[in-house]
1. When the stretch 38-52 is examined, which residues are found to be in contact (Cβ under 8 Å) with a residue 12 or more places away in the chain, among the small types (Gly, Ala, Ser) and touching a helix residue (DSSP H, G or I) at 6+ places or on another chain (Cβ under 9 Å)?
2. Would a scan of the stretch 28-36 turn up a residue that is surrounded by 10 or more Cβ atoms within 10 Å (Cβ to Cβ), of a type in the set (A, V, I, L, M), in a loop (DSSP other than H, G, I, E, B) and at pLDDT 80 or above?
3. Which pairs have Cβ atoms under 6 Å, sit 6 or more apart or on different chains, and link a residue in the stretch 53-68 that is under 16 Å from Arg33 (Cα atoms) to one that is of a type in the set (Val, Ile, Thr) and surrounded by 12 or more Cβ atoms within 10 Å (Cβ to Cβ)?
4. Please work out which residue is surrounded by the most Cβ atoms within 10 Å (Cβ to Cβ), limiting yourself to the stretch 44-65 and to residues that are assigned to a helix (DSSP H, G or I) and hydrophobic (A, V, I, L, M, F, W, C).
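The values are calculated or read from the model by the stated rules, or taken from the named source; none is laboratory data. Treat the numbers as computed from the prediction; the structure is a model and nothing was measured. Here the Cβ positions follow ideal geometry from the backbone for every residue, glycine too, while neighbour counts run over all protein chains shown.
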Amino acid sequence: MLNLCLLPIVLFSQIFDPGATGYTFVKLGIGVRPVAMGNAFTALSDDANAVFWNPSRLGIVETYYVSGMA
């Protein structure tokens with residue numbers, strides 16, 4: 001009887017993404033400005049972070065930027 005009770009729980013838990021985690025703070029973003037904006041930076045990427053967020057916006061970058069990651 002216990003197996004019949006656990007079967008729906010086990011099957012229901014399989015529909016969720018196995019790579020999902022409750023620790024979203026572990027997934028660090030790229031760039032201080034995009035992370036501060038809540039990762040909503042695709043339409044506004046006009047600095048060195050455009051390489052990572054929206055490379056098509058590199059054409060409108062007017063100054064030189066340097067970006068590094070550790």
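1. Ser45, the sole residue that qualifies.
2. Going residue by residue through the stretch 28-36, those that are surrounded by 10 or more Cβ atoms within 10 Å (Cβ to Cβ) are 29-31, 33-36.
Checking the rest, the ones that are also of a type in the set (A, V, I, L, M) come to 30, 35-36.
Subset that is in a loop (DSSP other than H, G, I, E, B): 30.
Of the ones still in play, those that are also at pLDDT 80 or above are 30.
Yes, because at least one residue in the stretch 28-36 is surrounded by 10 or more Cβ atoms within 10 Å (Cβ to Cβ), of a type in the set (A, V, I, L, M), in a loop (DSSP other than H, G, I, E, B) and at pLDDT 80 or above.
3. So the pair list comes out as Trp53/Thr42; Asn54/Thr42.
4. The selected residue is Ala50.
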